Amino acid sequence: MNLSWLLLLLFTMLQYSGQLEKEQPVDLVYPMLDAANSRWFYFSSASRPFGLVNLSPDTKIDGAWNSGYVYSKDSIKFFSHIHAWQLSGIPVMPVSTEFKGHLGSDAYQSSYSHEKETVFPGYHSVFLEDYQIKAELTSTTRVGFHKYTFPESDQSHILLDLSTVLGPSGTQSGYTKKIDNHRIEGHALMAPTRRRPKSTYVYFAIETDQPFEAMNAWQAGELLGPVNNFSGSQGGIYLTYTTVADQIIRMKVGVSYVSEEQAWKNMITEIPHWDFDAVVGQSRDHWNEMLGRIEVEGKSEKQIRRFYTDLWKALQGRRIISDVDGKYCDMTGSEKQVGQIPLDDQQKPLFNHYNSDSFWGAQWTITTLWQLVYPEIAEEFVNSMLLMYQDGGLIPRGPSGGNYTYVMTGASSTPFVVGAYAKGIRGFDIEQAYQGLKTNALPGGMMSKAGYEHQTSKGGGIEQYLTLGYVPYPLSSRNWGYHMSGAGQTLEYSFQDWCLAQLAKNLGKSDDYRQFMERSNHWKNIFDAETGWIRPKDSLGNWMNHYDPYELGKGFVESNGAQATWYVPHDLQGLATAMGGSNKAMQKLNESFEEAEKLGFTSGKSHSQETQLLYSRIPINYGNQPSIQTAFVFNHLGYPWLTQYWSRKVTDKVFSGLTPETGYNGDEDQGLMGSLAVLMKMGLFEMTSGCAVEPQIEIGSPIFDKVIIELNQQYFSGDQIIISVLNNGPENYYVNSIAINGQPQQGPFINFHHLVKGAALELVMSDTLKI
C-alpha cells in the first residue's frame with residue numbers, strides 16, 4: 001500500500017472517529033444553569049419537552065420563589081413529579097433506616113453531593129448519603145420512572161408524603177388505596193394559591209417491579225402501621241421492603257389531573273414495560289430531535305453549550321395537563337368538569353392541553369422562536385387556548401390546571417395567536433379565535449382584569465381606556481388586583497389592539513380594523529412631550545406630580561417609565577416623531593443603554609434584587625420582559641448598527657454565563673428568556689410578533705459562524721434556513737452586508753414568508769462601522 005493510500009485511510013478513520021465522538025445536542029445542555037437562583041418551576045432534569053411530569057429532587061420546598069431544586073442546598077427532601085405554574089404534587093423518597101416520614105421532610109431528608117450526581121435532559125441520578133441509596137430518575141410525558149439501588153436493610157421504604165408543602169401550594173389532604181403488593185393508587189388535593197384560586201386534585205397510579213411487604217401509613221405525627229387505605233390530612237404512606245445489598249427496585253408513577261383510572265391509562269400506554277434504560281434512551285432521542293432543529297457552528301464550546309441550554313429552557317416550563325387519550329380537567333366553572341379533546345381518525349387527541357404562566361413577554365420570545373422552529377407546538381397552544389375559551393368564555397393569559405389565574409395584565413395571548421395566523425400556522429378555528437380575542441379586548445374580557453383579579457372585573461381599566469383614551473393611575477382607591485399600573489396597561493393594550501387590528505384586516509373585518517387601529521394610538525395620550533417620557537395620568541387628565549422616570553412600579557408593570565417608554569413596538573416611528581425625530585430618539589435610547597451598561601443591563605443578578613434601590617433605577621432591564629425589545633428599536637429608528645452593537649453587548653453580558661450562579665439574571669419565566677437568548681445569538685428578532693399582514697424578521701448580530709434551522713415542512717415550503725456569518729469575532733459586532741440567496745439585501749428587515757420558503761443568508765461582519 002503506497003503512502004497516499006495510507007494517508008487517505010488515516011484521514012477517513014479520523015473523520016469517522018470524529019463523527020462518532022461528536023456530541024449530540026442533549027449532551028451539550030447544562031441543566032444546572034442558574035439553579036442556585038431557582039424557582040419552583042424553573043429547574044428540570046427527568047422531563048420530556050413540555051412534559052406533564054417534571055420529576056426532579058427538591059432541596060427547598062416552601063414558596064414559589066427560591067424553591068424546588070436549589071443548587072446551593074446540601075440536602076434532598078424528596079423527589080416530586082410536578083413543577084409547574086402554580087402546580088405541584090406527588091413527592092416520594094426512598095429511605096433505608098428507621099422510618100421518620102411522620103416527623104416531616106426536615107427529619108427524613110438526605111444529604112448529597114454534586115460529585116455523585118449526574119444530570120442531563122431526561123435523566124437525573126444522585127446518591128443519597130444518609131441512606132446509601134442511588135436514585136435514578138427518568139420519565140415519559142405523563143409518567144415518572146424511578147430506579148433505586150438499595151443497601152442491605154430490613155427497614156427499606158419508599159414514602160409518599162401527602163402532607164407537605166410543595167412550592168406554591170400546600171397539600172390539603174390525600175387518599176391512597178392498596179390494590180396488591182405491587183400497585184397503589186390515589187390522589188392529593190393541592191391547596192389553592194393566590195394565583196390559582198381553586199383546590200386542584202392530582203391523581204396517581206404507582207407500580208413497583210418488586211413486591212412490597214406492606215403499605216403502612218402515618219397521620220398527625222403518629223405511625224398507623226399496615227393499612228389497605230389511607231385518607232385524610234397531615235399524613236402519608238410508605239411501602240416497606242427488606243433489601244439485600246445493591247437490590248434494585250423500579251417504580252413507575254402515572255399522573256393525571258382527571259382520575260386514578262386516567263393515571264393508570266397514562267402509565268400503561270407510555271411505559272408498558274420495566275426497561276428503565278430504554279426510557280432514558282427514548283428521552284434522549286426526543287430531546288435530540290427537538291434541540292437538533294437548530295445547528296450552530298463556530299465559537300467556543302461554552303457558547304455552544306449555553307446556546308443549547310437556552311434552547312432547552314425554551315421547550316419546557318409550560319406543561320401539558322391533558323391525558324394520553326385527550327381527557328382533561330376543566331376548572332373554569334364552579335365545579336370540576338372532565339373535558340375531551342377532539343380525536344383524529346386513529347382515536348388520538350388532535351392536540352394537547354397546556355398549563356402556562358402568562359404570555360406577558362411572549363411577544364418577543366416564544367412567539368418568534370416557536371412559530372419559526374416549532375410551529376406545531378405554537379398551533380397546539382392556540383388550540384389549547386381556544387379549548388379554554390369554549391369551556392370558560394375567555395382566552396386565558398396564563399392558565400393553571402384548568403383554572404383561570406388572570407396572571408399579569410392585558411390580553412397577552414393576542415400577539416401569539418395573531419402572529420401564528422399571519423405566519424401561516426392555521427390549524428385552528430380562526431373565527432372562533434377572532435371572537436375570543438375580541439371578547440378579551442372589550443369590557444368583561446381579559447382587559448377588564450388586573451393581575452389575579454378573580455372575583456371582579458374592575459382593575460383592568462378597560463372602560464376608562466375606551467372613554468378617556470388611557471388607563472388612569474391611580475385607577476381606584478381600592479386595590480382590585482395586582483399590576484393596576486395605568487400607563488403600563490395603556491401601552492400593552494395599545495400594542496395588543498394593533499395586533500388584533502391586523503387580524504381583522506386579514507379577515508376582511510374593516511369596521512373592526514378601523515376601531516382597533518384607532519385604539520392602538522392611545523399610547524400617545526400618555527406621552528409627555530415636556531419630559532420626553534411616557535408618563536402616568538390620573539382620571540382628570542393631570543400628569544403625575546414629581547414624576548421620576550427611573551422609579552420602579554409607579555404606574556408601570558414591573559418596570560419604570562424609562563424602560564416602558566419604548567413599549568410602542570407597533571408605532572416606533574410615531575414615538576420617534578413625538579420625541580422630536582429619529583435622531584433624538586436614537587440619542588435618548590443610546591444614552592439609556594450606556595447608563596444600563598454600568599449595571600450589566602439588568603436589575604441585579606436575581607429576581608429578588610429587582611426592587612432594591614441600587615438596581616431598580618436602571619433605564620433598560622434585560623432581567624425582566626418589559627424592555628427586552630429595546631436593542632432592536634434602533635433598527636426601526638434607522639440605526640441598525642446600534643441594534644447590532646447593543647444586542648451583542650447584552651448577549652455577552654447577560655446571556656453568556658454557564659454556572660449554577662449565573663444564567664438569566666432575573667426570571668427566566670418558563671422559556672421566555674431562554675427563547676430571547678436563542679434569538680439574539682442567532683441574530684433574529686420580531687418587533688411586532690409577526691402580527692403584521694406581511695410579517696417581518698429582523699437582523700441583529702449573530703454570535704455563531706453558521707446557523708442552520710430545520711423547517712417543519714408541514715407548515716412551510718422550505719426545508720432549511722442557513723445563516724452564514726463571515727468574518728465573525730468577539731469585537732465584530734457590525735453587519736456590513738446582507739445577501740439572501742445570493743442577492744444583496746438592503747436593510748435589516750426580511751419578509752417572514754420569503755424566509756420560510758428556504759433561504760441562505762450571508763452576513764459579512766466587521767469591527768468597523770460601515771454606514
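Can you work out ³J(HN,Hα) from phi for every residue in region 380-387, in order, using Karplus 6.51 cos²θ - 1.76 cosθ + 1.60 and θ = phi - 60°, giving whole Hz and x for Gly and Pro?
4, 5, 4, 5, 5, 4, 5, 4
Take A739 and E295, extend 7 Å from each Cα along the Cα→Cβ direction, and tell me the distance between the two endpoints in nm.
Here the answer is 2.2 nm between the modelled labels.
Once both axes come from the Cα atoms, what is the angle between helix 486-506 and the longest principal axis of the chain, in degrees from 0 to 90, rounded to 10?
Here the helix axis deviates by roughly 80 degrees.
Among L394, L466, N506, whose Cα projects farthest towards the positive end of the dipole of the chain, with charges put on the beta-carbon of Lys, Arg (+1) and Asp, Glu (-1)?
L466
Using modelled amide H (1.01 Å from N, peptide plane; none on Pro or chain starts), what sits under 5 Å from the amide H of N54, excluding residues fewer than 5 places away?
Under 5 Å from the amide H of N54: I82, H83.
Using a probe radius of 1.4 Å on heavy atoms only, what accessible surface per residue do you get for the chain? Whole Å² is fine.
Spelled out: the 1.4 Å probe surface of the chain, per residue, equals 35 Å².
Can you tell me which of 142-148, 755-761 comes out highest on packing, and rank the rest after it, using the mean Cβ neighbours within 10 Å?
142-148, 755-761
Give me the dipole magnitude in Debye, nearest 20, for the chain about the Cα centre, with unit charges on the beta carbon: positive for Lys and Arg, negative for Asp and Glu.
1480
What FRET efficiency would be calculated for the residue pair Q573, E463, taking the C-beta separation as r and a Förster radius of 41 Å, to the nearest 0.05?
Here the calculated transfer efficiency is 0.85.
Under a Cβ-Cβ limit of 4.7 Å, which cysteines in the chain have nobody to pair with?
So, C329.
What does the extension gain come out to for Q132 and L350, with contour length at 0.36 nm per residue minus their alpha carbon separation?
Residue separation times 0.36 nm, minus the Cα-Cα distance, leaves 73.9 nm.
Under the √(5λ) rule applied to the eigenvalues of the Cα gyration tensor, what semi-axes describe the equivalent ellipsoid of region 312-368? Give them in Å, descending.
25, 17, 9
Taking amide hydrogens as modeled 1.01 Å from N in the peptide plane, which residues meet the under 5 Å criterion relative to A760, leaving out close sequence neighbours?
Hits under the 5 Å cutoff: I722, N741.
Specify which residue in the list S283, Q303, A314 is farthest towards the positive end of the charge dipole of region 274-314, using unit charges on the beta carbon of Lys, Arg (+1) and Asp, Glu (-1), about the Cα centre.
The listed residue farthest towards the positive side: Q303.
Stretch S510-Q210 to full length: gain in nm at 0.36 nm per residue minus the Cα-Cα span?
So the extension gain works out to 101.3 nm.
Taking a 23 Å limit on the Cα-Cα distance, which of the listed pairs K60/K265; K681/K770; K198/K458; K438/K458; K73/K100; K60/K100 fall beyond it?
Distance filter (> 23 Å) returns K60/K265.
Could you tell me how far the Cα centroid of region 528-543 sits from the Cα centroid of region 140-157, in Å?
Result: 62 Å between the Cα centres.
By average Cβ neighbour count within 10 Å, what is the ranking of 692-698, 388-394 from highest down?
Ranking, from highest mean packing down: 388-394, 692-698.
For the chain, what does -39500 (n - 2.57) per DSSP helix run (n ≥ 4), summed and divided by total residues, give at 222 nm, in deg cm²/dmol to the nearest 500?
One gets -8500 deg cm²/dmol as the mean residue ellipticity at 222 nm.
What nm distance separates the two modelled labels at R194 and E530, each placed 7 Å from Cα along Cα→Cβ?
Between R194 and E530, the simple spin-label model gives 3.6 nm.
Modelled label-to-label distance, R478 and N545, 7 Å Cα→beta-carbon offset: nm?
2.6
Taking amide H positions as placed in the peptide plane 1.01 Å from N, state which residues far from G170 in sequence (5 or more) or on other chains have amide H under 5 Å from it.
A191
Report, in degrees rounded to the nearest 10, the 0 to 90 angle that the Cα long axis of helix 260-270 makes with the longest principal axis of the chain.
Its long axis makes an angle of about 80 degrees.
What's the lysine pair count for region 501-648 at a Cα cut-off below 21 Å, pairs eight or more apart or interchain?
Lysine pairs, 8 or more places apart or on different chains, close enough: 6.
Give the peptides 200-206, 531-537 in descending order of average Cβ contacts within 10 Å, highest first.
My ranking of the peptides, most packed first, is 200-206, 531-537.
Taking a ≥ b ≥ c as the square roots of the eigenvalues of the Cα gyration tensor of region 539-615, is the shape rounded (a/c under 1.5), prolate (a/b larger than b/c) or oblate?
oblate
Work out the charge dipole of region 14-163 with +1 on the Cβ of Lys and Arg and -1 on the Cβ of Asp and Glu about the Cα centre, then indicate which of Q109, Y131, V53 is farthest towards its positive end.
Ranked along the dipole, the leading option is V53.
Compute the distance from the alpha-carbon center of region 487-517 to that of region 576-628, in whole Å.
Answer, in whole Å: 27.
In whole Å, what is the distance between the alpha-carbon centres of region 377-403 and region 203-268?
Region 377-403 and region 203-268 have Cα centres spaced 33 Å from each other.
Which angle between 0 and 90 degrees, to the nearest 10, do you get for helix 640-654 versus the longest principal axis of the chain when only C-alpha atoms count?
Rounded to the nearest ten degrees, it is 30.
May I ask you to give the percent of accessible area on the chain that is carbon plus sulfur, with a probe radius of 1.4 Å?
Exposed carbon and sulfur together represent 48 percent of the surface.
Using a Förster radius of 30 Å, what is the FRET efficiency between L103 and E261 based on their Cβ-Cβ separation? Nearest 0.05, please.
My answer for the efficiency is 0.35.
Using R₀ = 35 Å, calculate the FRET efficiency as 1/(1 + (r/R₀)^6) where r is the Cβ-Cβ separation of T659 and K757; round to 0.05.
0.30
Multiply the residue gap between H182 and T269 by 0.36 nm, knock off their C-alpha separation, and tell me the result in nm, one decimal place.
Stretched fully, the H182-T269 segment lengthens by 29.5 nm.
Got a sec to turn the phi values of region 173-187 into Karplus ³J(HN,Hα) couplings, 6.51 cos²θ - 1.76 cosθ + 1.60 with θ = phi - 60°, whole Hz, x for Gly and Pro?
6, x, 9, 9, 10, 7, 8, 7, 7, 10, 9, 9, 8, x, 7
The values are calculated or read from the model by the stated rules, or taken from the named source; none is laboratory data. Quick caveat, the model's predicted, so the values are computed rather than measured. Note: ideal-geometry Cβ built from the backbone for every residue, glycine included; neighbour counts use all protein chains shown. The accessibility values were calculated without ligands, DNA or RNA, using every heavy atom of the protein model including side chains. Shrake-Rupley method; radii C 1.70, N 1.55, O 1.52, S 1.80 Å.
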